[in-house]
Structures are given as C-alpha cells and as structure tokens.
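Okay, so here's the structure we're looking at.
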Amino acid sequence: QAQAEHSTMRCRRCPLATSAKTVALIALVAFVEPPAFHAVGGSIDLRSTAQACLGLHANSAVLDRGKLGRWPQKQFKATARCRGTLPSFQCSLRRLRKHSCSLALGATSSSVTQASWKQGASVAVYIALWYLFAIAYNIDFKKALIAFPFPWTHALWQISFGWFIFGPLWVLGVRKVPKLTRSEIIALFPAALGNLVLHVGAIIAFFGGAVSFVHIVKASEPVVSSVLNYLCIGEVLPWPVYMSLIPVIGGVSLASAKELSFTWLGFGAAMASNVGAAGRAVYSKKFIGSSIGQNMTPANTFSVLTILGMLMLIPVALLAESPQAAYAAFHKALERGGTTFVRHMLSSAFCYYMYNELAFLALGKLDPVSHAVVNTMRRVVIIMAAIVVFNTKISLLGGIGSGMAILGTLLYSLAKTKFKK
C-alpha cells in the first residue's frame, strides 16, 4: 500500500489492488494525457489492463503514460505522473501483471500470434501465385511466340494489357490513383526505360532460344549489377561477395558452351535484359530515392512504369515490325490455332502483369535472405517446368553449368546480405 508523504514525492511500490487513493490518483492522472504502451507485434490497451487489475468501471480512466520495451523483459516500469500538486508515484509493471493482468496480456499475445500467422499465410499465398503465374507466362508465351513469331508485337501487347487490370482498379476506387508531378514523371522515365529493356530483352531472348537457356543466362544478372553499381555509384562490395560471382560466371559460360539450343540472339538479348534490370535498380537507388509522388505503392509503381514503358515502346515496335505483316501473320496463326492460340495470347499478357505485381507484393514482405532463396527457387522451378513441357534436351555439362550459375546467384544474394553495411 502506498503512503503519500509529500505532494512531490514518489510513492513506494505497491500492489495497486487495495488502495483507494491509488485508484483515485490513477483516474485523475488519466484525464491529463492518455497512455500509449506498445509491444512487439501489437499494443497493450491500458484501459482494459487497468480495469482487469483494479476492477475499474468501464468508463473509468487508466494509467497516464509509460514506455514499454520488448515484451517480455525483466525491468518493466509504468510511470504515472500527475501534474500540479498531486503526488507522483512509480510502480512496477511486474507487480501490475502479478495482480490479475495475465488475462489481458494473454489476449494481446494471442492476437499478435494470430496476426503473425495470417501475415505468414498471405506471404505464402503471394509466393505460390507468383510461381504459378510465372510458370504459366513462360510456357504460354513461348507457345504463342512459336505460332506468331513477332516479338516486338508481343512485347507491346503484353505491356499494354496492364491497362485492363490497373485501369478498372483505379476507376472503381479499389486502388488509389498515383499522383505525380511533371518533374517526378520525368525522373521516372529512366527507370521505366530499364524496365522496358528488361521486358523486351527477355521476349527477344525467348524468340531466339529455349526458355530454360534464357533463364540460365538471366541468372548472371548479379554480375551485371555489380559492374553497374561500381561504374555508376562507386559501390565496392566486400571480396566474399565478388568471390560468389565466380560460380555464376563459370556456370553461365559452361552452360552456354554446351547448350544444345544456344544462339547468339538468345544470349545477347538475355544479357540486355540483365542490363535493363540492373540499370533500373541502380538508377532508382541513386536518383529516385525511397519515395516519390503520392499513392506510389509497389503495385502502383509497377503500373506507372508499365504506362511509361508502353509510351516509349509504341513507336519502336511500329518501326521494328510492319503492322501489315504482323496483322497478316496474326490471322494465319488464328486460323491454325483457333481458340488455343487466343488463349495463349491472353494468358501470356495476363500472367505477365500478374506475376510481376505479385513479385512486388511477395518480395516486399520478405527479409533479404528469404528474398534470395525464393527468387532463386523461382528460376529453378521455371527451368524445370520448361524442360518438361518443351522436352528440351540438355547436355550433362550444360546441366552442371546451369546448377553452378543458379547456386552462385543464391550465394551472391546471401553474401551481399551478410556483408551489407
């Protein structure tokens, strides 16, 4: 029981369960300033806690203020102070918990656990759908490309299809419309160009080589990224990170030398795609920063880059491939393939946008190590699916090189995470 000796003296530690003066003091202090106690993964409502511990009425006030570190800790103290001439006191939160608080804190722990479980489940769903759409895109697009061999037209069709997805979401208010100034739009154009080169390069690579081989070459993106980071922003990584690039370079070289479906067009276009991806990342890191505009969520950022990329691609695609020739070839493919060809065209465009947006959503919720593992496994899954579906023949040395390149990519990501300053 606390005994107030002077109006400015602290009270001794007390159970807080039997003292009428303490209860009255807590009620008075609460009207001065509401509390804000926070724990890891959630918050503790001191109104409920005080009511549970002190038997207060539902409309009664609670403790004034407090600071709570990570839960649980050894030294928890809730400090309640009253302004003016009222006495101030300090009580141990451990004592508060000792007196009937376990129920309130248990409910908080249960809600935190439930929230963590839901978040983990949502991430797992994002990853599963990301893999599913990525596999469907690579397979259906390759089939559509075989039937209709106009890569620039495919690139324009796929990047324009996004309007049918984010357009209705913006119009219906399901997703907030991004707001950008003219200078911010201009600042995003280089990033959009990198995203466009990434997209078009991959499509031309699919046109020139097998899906599995394209993804083996694209596994060398960390090498291109390291070079551009050094040349553009002067980033020098620790030597273990650079050492992890050796199996990437060796694996891609071995796979390219022994790949039965090797073509220089496929190899060059895949490397150009790597340059686009690395250039987009480097430019965003150096010039754009962490935030730009309003409502620029990861999904909206990809939508804006898609719009800007489409505007840049339209004149290039019209010059690269004659619209009359593309129209005639499309009708021939439609006559031969019928609804199957149409399905492949629609599926490739839809899956292209969805797997990219899901990648933003999934990777944004993962720590760097999980990010590296999930991204590496995605490439493995796509390669294996493409080999099975298209019956792609790979030599023994080509398979060893592929494994080396993919393993090196994982080691690079893990090493860069470990030695990141």
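Quick note: the coordinates plus some simple rules give every number you see, no bench work behind them. Keep in mind that what you see is a predicted model, and the values were worked out from it rather than measured. Neighbour counts run over all protein chains shown; Cβ positions are idealised from the backbone, glycine included.
I need the shape label for the stretch 136-272. Rule: rounded when a/c is under 1.5, else prolate if a/b > b/c, else oblate, with a, b, c from the alpha carbon gyration tensor.
oblate
Determine the shape class of the stretch 312-421: with a ≥ b ≥ c the square roots of the Cα gyration tensor eigenvalues, call it rounded for a/c under 1.5, and otherwise prolate if a/b is greater than b/c, oblate otherwise.
prolate
Full extension from V236 to S122: what is 0.36 nm times the residue separation minus their Cα-Cα distance, to one decimal in nm?
37.4 nm
Greater than 19 Å separation of Cα atoms is the criterion. Which listed pairs, K142/K218; K286/K365; K218/K258; K285/K416; K218/K286; K143/K332, meet it?
Over 19 Å Cα-Cα: K286/K365; K218/K286.
Along the Cα→Cβ direction, 7 angstrom out, place labels at I400 and T417. What is the inter-label distance in nm?
Taking the two extended label points, one gets 2.9 nm.
Report the gain in length on full extension from W170 to V389: 0.36 nm times residue separation, minus Cα-Cα distance, nm rounded to one decimal.
Value of the extension gain: 75.1 nm.
If you bin every alpha carbon distance in the stretch 135-210 into 5 Å steps from zero, what whole percent lands in each bin?
Result, from short to long distances: 3, 13, 18, 19, 18, 14, 10, 6, 1 percent.
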